[in-house]
Each structure stands twice: as structure tokens, then as C-alpha cells.
Amino acid sequence: MSKCIRAAFFSPTGSSRALSLAAAATLACELTEPCGESWDWTFPEGRATARTCGKEDVLVFAFPVYAGRVPQLLLPVLSRLEGGGARAVVIAAYGNRHYDDALLEAVDTLTARGVSVVAAGAFVACHSLTPKVGTGRPDSADMALLKDFARRAAHCIATGSRATVAVPGNRPYRPLSPSADIRPKTLESCTQCGLCASLCPVRVINAEDAKDVAQGCLRCCSCVKNCPEHAKYFDDPRVDKVVAMLESTCLARREPEVFFAPVDA
């Protein structure tokens, strides 16, 4: 297996994908190594395949923070990853509240799979539930900082370092609330184009009838954000409560936070 820089991401609304691909491109340029095929873990078919890294590979793993944690549907995917001693750069995209234990959980999970995480960063993305929080993020300033982050990560890798980065967070990780059965609703303006069903990362929207939504929605809001008729929406007091909290306490701009492993002597 030839060595390469590989982007891996779970990205229902596109931010994690953009961050992962941009960081991978910068790493490839700095390290003069090719970018391999991306691993898109957004949809079930992408998550079904077991993946293997080579020792000289660099994995750029990006994901959205859900409730201060790594999205739990990714844990089975990561548990099948054969790390092979590869190095990794981890990127958590969060909605301007906080990333809590997500970076630590990601670093721990990859380390357990035989991957050395040499750099990690938390970058702000527009919150999935409200466009008023993290509006327009990641923006041009974020992307400039991301490129600098990737350059510094490339320096760590170029030195041969396989040390593991230290990141904020707590063990045990932030407890997860019981899964709530909250499903998007559909207006009469829906044209049954099927786009929402094709973009749902857990395939709970009926491709033949978009109003038919099964249990298991992640509230990633891909269907809401991408509907050409603006026909998808959430109407639930539990969602309204979270949105009210976010819009009252999380409007102040937060900046990216980046962390690097010590360089081997």
C-alpha cells in the first residue's frame, strides 16, 4: 500500500467535509505526498466498509460535535479501523457553544486503534439547529487558521514524531441524554423530490413519501438546510428550548483552538 494523506469525515451539512479536505490538501502540499481517496462516513454505505491505514499514512478525521461528544454512530466505524501505526490529525466542528469532551474522545478512540494523533483542532461551524449561532462559519478567517494548523501538523509529522497530542476534556466523557424521538415535519409545499431522503445520514426519511419519517433522526438538519422548497422543519418544544438557549448564550464569536503533540528530540 502506497503512503498517502487521506481525508475521512462524517458531514451531514458539509462543514466537516470542507475542513477535512482543506486540511488534507495542505498536508499533502507540505509533505509532498498524494491525497488518497476520501473516506466519506456520512451515509450508511460509507460506514459499512472496514478501513485500513498504512504506517506512513496520514488520516485527517473531521466530525461534527453532537452533545459534546463524537457522533455515536461513528464508534462502530472507528472500532473496525485498522490503524497500522498511521498518524492522524483530528478536527472537531462545533456550533459555537463548546466541544466539551469530543476531541478527547476522538483522540482516545483513534489511539486505541493503533493511530498516533499528532494534532487536533476545534473549529466553529454554523449550528445545525439555528443559523443565528455560528453564522457563516467556518469563514475565510477560520479557513486561513485551518491552513496554518495543517502546516504546523505537517511539521510535526515531518520530524517523524509519533507522540500523541494532549487535548482538553474529561474521562469519563460527558454523559449522553437518552435518545429522544424527535422527527422533522413536512409542509404541504413539499414536491416529493426525494432530496431529503437521499441526504439523510441515517436513512429515516421515506424516499417515496418525505412526510414519512421513522424513528432515529439525529437532528443534523441536513434535510432542513437543503430542501429547495424549505418544506422541512422541526416543531418540538425540546428543540425550541435548545435553540432558545443557544441564541441567548452562544452568539459571541469563539475562535478555533488547536493542539499539537510534542516533537520528538
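Data overview
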{"quantity": "Residue list for segment 90-106, restricted to those being in contact with a Leu (Cβ under 7 Å, 6 or more places away or on another chain) and either under 19 Å from Ala153 (Cα atoms) or not basic (Lys, Arg) (or both)", "calculated": "Val90, Ile91, Ala92, Ala93"}
{"quantity": "Flag for Arg238 being part of a loop (DSSP other than H, G, I, E, B) and either modelled with pLDDT of 95 or more or acidic (Asp, Glu) (or both)", "calculated": "no"}
{"quantity": "Verdict on Arg162 being modelled with pLDDT under 95, over 19 Å from the mean Cα position of the chain (by Cα), surrounded by 13 or more Cβ atoms within 10 Å (Cβ to Cβ) and on the phi < 0 side of the Ramachandran plot", "calculated": "yes"}
{"quantity": "Count of residues meeting criterion [under 29 Å from Glu229 (Cβ atoms) and either in contact with a Leu (Cβ under 8 Å, 6 or more places away or on another chain) or of a type in the set (Ser, Thr, Tyr) (or both)] in segment 134-164", "calculated": "2"}
{"quantity": "Residue under evaluation Val165, criteria (1) out of contact with any strand residue (DSSP E or B) (no Cβ under 9 Å at 6 or more places or on another chain); (2) in the same structural domain as Ser16 (by TED's automatic domain parsing), criterion not met", "calculated": "(1)"}
{"quantity": "Residue among Val204, Val167 that alone is crowded, with 17+ Cβ neighbours inside 10 Å, among the aliphatic types (A, V, I, L, M), modelled with pLDDT of 95 or more and touching a Leu at 6+ places or on another chain (Cβ under 7 Å)", "calculated": "Val167"}
{"quantity": "Qualifying residues in segment 217-236 (those that are farther than 23 Å from Asp40 by Cα and of a type outside the set (D, E, K, R)) - the one surrounded by the most Cβ atoms within 10 Å (Cβ to Cβ)", "calculated": "Ala231"}
{"quantity": "Verdict on Leu74 being assigned to a helix (DSSP H, G or I), in contact (Cβ under 8 Å) with a residue 60 or more places away in the chain and among the aliphatic types (A, V, I, L, M)", "calculated": "yes"}
{"quantity": "Any pair with Cβ under 8 angstrom, 6 or more apart, that starts in segment 150-163 at a residue that is over 9 Å from Val263 (Cβ atoms) and ends at one that is modelled with pLDDT of 95 or more and surrounded by fewer than 16 Cβ atoms within 10 Å (Cβ to Cβ)", "calculated": "Arg162/Gly85"}
{"quantity": "Subset of segment 42-65 [among the small types (Gly, Ala, Ser), surrounded by fewer than 24 Cβ atoms within 10 Å (Cβ to Cβ) and in contact with a strand residue (DSSP E or B) (Cβ under 7 Å, 6 or more places away or on another chain)]", "calculated": "Gly46"}
{"quantity": "Test for Pro228: is it under 21 Å from His127 (Cα atoms) and within 22 Å of the chain's Cα centre (by Cα)", "calculated": "no"}
{"quantity": "Subset of segment 71-107 that is basic (Lys, Arg) and under 21 Å from Ala50 (Cβ atoms) - its residue that is surrounded by the fewest Cβ atoms within 10 Å (Cβ to Cβ)", "calculated": "Arg80"}
{"quantity": "Residues that are closer than 17 Å to Pro44 by Cα, of a type outside the set (S, T, N, Q) and assigned to a loop (DSSP other than H, G, I, E, B), drawn from segment 195-216", "calculated": "Cys200, Pro201, Val202, Arg203, Val204, Ala207, Ala214, Gly216"}
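So that you can scan it fast, the table gives a plain yes or no per residue for (1) buried (at least 24 other Cβ atoms within 10 Å of the Cβ); (2) within 25 Å of Ser161 (Cβ to Cβ); (3) not assigned by TED's automatic domain parsing to the domain that holds Val107:
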{"position": "Phe9", "(1), (2), (3)": "yes, yes, no"}
{"position": "Thr13", "(1), (2), (3)": "no, no, no"}
{"position": "Ala23", "(1), (2), (3)": "yes, yes, no"}
{"position": "Cys35", "(1), (2), (3)": "no, yes, no"}
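Every residue, every condition in (1) within 18 Å of the chain's Cα centre (by Cα); (2) polar (S, T, N, Q), yes or no:
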{"position": "Pro12", "(1), (2)": "yes, no"}
{"position": "Ser15", "(1), (2)": "yes, yes"}
{"position": "Ala24", "(1), (2)": "yes, no"}
{"position": "Trp41", "(1), (2)": "yes, no"}
{"position": "Ala50", "(1), (2)": "no, no"}
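The values are calculated or read from the model by the stated rules, or taken from the named source; none is laboratory data. Predicted, not measured: the structure shown is a model, and the values here were computed from it. Counting neighbours? That spans all protein chains shown, and the Cβs are built from the backbone with ideal geometry, glycine included.
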